[in-house]
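Single-structure report; data block below.
The values are calculated or read from the model by the stated rules, or taken from the named source; none is laboratory data. Everything numeric in this text was worked out from a predicted model, so none of it was measured. As a convention, Cβ positions derive from the backbone with ideal geometry for all residues, glycine included, and neighbour counts pool all protein chains shown. SASA here: full protein model, heavy atoms, side chains in, ligands and nucleic acids out. Shrake-Rupley method; radii C 1.70, N 1.55, O 1.52, S 1.80 Å.
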Amino acid sequence: MLSDLQISRFNPWWTRSGWEAEDLHLRRLRAAAVQLATPQIDEVELGVPAVHVLRGPRQVGKSTDLKLLILRALDVGAAPRDIVYLSLDLLEGQPPAALVESVNRALELAAGSGESRLLLLDEVTAADRWQGAVKALWDEGQIDRDVIVCTGSSAADLAQGAAERLPGRRGRGRDLLVLPQDFASFARAIDDVAPPAPGLTVAEILTDEGREAIREARVHLPVLQRALERYLLFGGLPAAVVEAAAGYVAPSEEVERILWDSLVKEAQRRGASIAATQALLERLMRSLGSKLSWSRLAREIDVPLGRPRRRTGDRSDPRTVQSYVELLAVNYFALIVYFWKQDSGSGDLTKDKKVYFGDPLLSTITAGRVGLRRDRHAEVENALALALYRRYEPRERRAENMVAPEALHVWGTRRGGEIDFVCGRRGQVDAVEVADWAVLDRRKATAPARALPGRPALVAGRDELDFGKAANIVPAALLLWALSSPSAPGRSSSP
């Protein structure tokens, strides 16, 4: 259970004004070279009882979002003592009762109005069986009139089924996902000449209006291509974007360690050593953009992963390897894309798949740690996989589907070839082929249209822009920009 002193320290606005000048998260935000968009804090309806869950990888800015939400609530007239913030990673490994007791004690100390309050439970997924604790508080009438926002760095609990989703106890609550900044946000952060993104699907790009938007944006292609080179190196974590905007040549060791330590922490929880984690990342990087099987991946990793299985005694069992890669995806470090079953419109979990890094910075870290030569084409494909996941995956499922997306797959043709991505629902799929080479293979450029006749199809090239009958070719930097979410520059709230 959290102590009274800890609870009071978490909530300085109860007793004094000007607290935001000393708040660590807000100080770092003010000191940053660039202010990044945080649309999710505007999606929380203040005054409407609900349980919202804000998920995303560690260090992506969730705690800062909560502090901005506090400022927003105070700005619209909320009483300071009706706002309660708790950092719950301190309760890791403790029973659910510790969470219940900590919340009850915090509400007692706040001594608010008793009307609708704002209760912010940061890193609540660190507490064991946290949903049961929140459910008990709701059922007892302690928080059923409040706005509750929970954050967490994993979707592992969602894999346990509907019982873990607080059925009937969420009100109008929403599942929100905070991922690293997308390409357009990154581009605008490092060069404000970059235009705001339109947020289009492939099908929308191929309308008359979409084609015109792409043609008009072509004048910005040099800026976007320079930004893409930087994006593939830095990725979208806020700390990395700040360094890129400040003109760093490469991410600092400090920023790389933020992501690396977060990943290692999750792997060690499962029993994997640092050496095993590094070996797994190396194999994933070597196969980036290529299909792989769990059995082949298990054979290629020469460092045992975790504890041996009871029956086989084999720590390189394919099921063990699969569980570790899925662990990366559950914690937003990886994206697993399966081949498409056309007859059902779903992924074929029994066949090969492709595994991408959850942020480009992981490629930078892995290459530096194991001495691998970087593959630009594979990294562009990785960036497009992430952009297409954001654009096509159902919003309400994005937080949990990086293990097996519903609306993003690889397409295996009848002749044994493949189309890099098919996106969308059965009967309404769009196709994307990645061909980011200096010299475009014209036959490869026509492959999507030949494989899926009548469906919207694009080829992501290097420099060429051509909307034609046989192929629609768009530079990868322009396509990544067009797929990015539309957003205004700067944070939606300012400390």
Open item on the list: Residue pairs, Cβ under 8 Å, 6 or more apart or interchain, first in the range 1-22 and more than 15 Å from residue 121 (Cα to Cα), second surrounded by fewer than 11 Cβ atoms within 10 Å (Cβ to Cβ). List them.
Closed with: 12/22
Open item on the list: Checking residue 77 against (1) at positive phi; (2) in contact (Cβ under 8 Å) with a residue 24 or more places away in the chain, only one condition comes out false. Which one?
Closed with: (2)
Open item on the list: Just to be sure I understand, how many residues within the range 30-61 are at positive phi and open to solvent by 50 Å² or more (accessible area, probe 1.4 Å)?
Closed with: 2
Open item on the list: I'd like to verify a number: residues in the range 362-381 that are open to solvent by less than 10 Å² (accessible area, probe 1.4 Å) and in contact with an Asp or Glu (Cβ under 7 Å, 6 or more places away or on another chain), how many?
Closed with: 5
Task: Residue, nearest to residue 154 (Cα to Cα), within the range 180-223, restricted to residues that are in contact with a Gly (Cβ under 6 Å, 6 or more places away or on another chain) and outside any helix (DSSP H, G or I) - done: 180
Open item on the list: Under 6 Å between Cβ atoms, which residue pairs at least 6 apart in sequence (or on different chains) link something in the range 362-378 that is closer than 19 Å to residue 260 by Cα with a partner that is of a type in the set (A, V, I, L, M) and open to solvent by less than 60 Å² (accessible area, probe 1.4 Å)?
Closed with: 364/233; 366/281; 366/285; 372/285; 374/367
- [ ] Taking residue 94 as meeting all but one of (1) outside any helix (DSSP H, G or I); (2) modelled with pLDDT of 90 or more; (3) within 25 Å of residue 261 (Cβ to Cβ), write down the number of the exception.
- [x] (2)
Open item on the list: So, in the range 77-91, how many residues would count as being of a type in the set (S, T, N, Q) and assigned to a loop (DSSP other than H, G, I, E, B)?
Closed with: 0
Open item on the list: Any residue that is in contact with a helix residue (DSSP H, G or I) (Cβ under 8 Å, 6 or more places away or on another chain), within 20 Å of residue 225 (Cα to Cα), open to solvent by 20 Å² or more (accessible area, probe 1.4 Å) and in contact (Cβ under 8 Å) with a residue 60 or more places away in the chain - is there at least one of those in the range 382-402?
Closed with: no
Open item on the list: Quick check on this structure: which one of 99, 120, 90, 71 is buried (at least 22 other Cβ atoms within 10 Å of the Cβ) and either under 30 Å from residue 241 (Cβ atoms) or touching a Ser or Thr at 6+ places or on another chain (Cβ under 8 Å) (or both)?
Closed with: 120
Open item on the list: Whether any residue in the range 27-48 is modelled with pLDDT of 90 or more and closer than 28 Å to residue 331 by Cβ is what I want to check.
Closed with: yes
Open item on the list: For the condition modelled with pLDDT under 90, not in a loop (DSSP other than H, G, I, E, B) and not acidic (Asp, Glu), what is the one hit in 74, 54, 99?
Closed with: 54
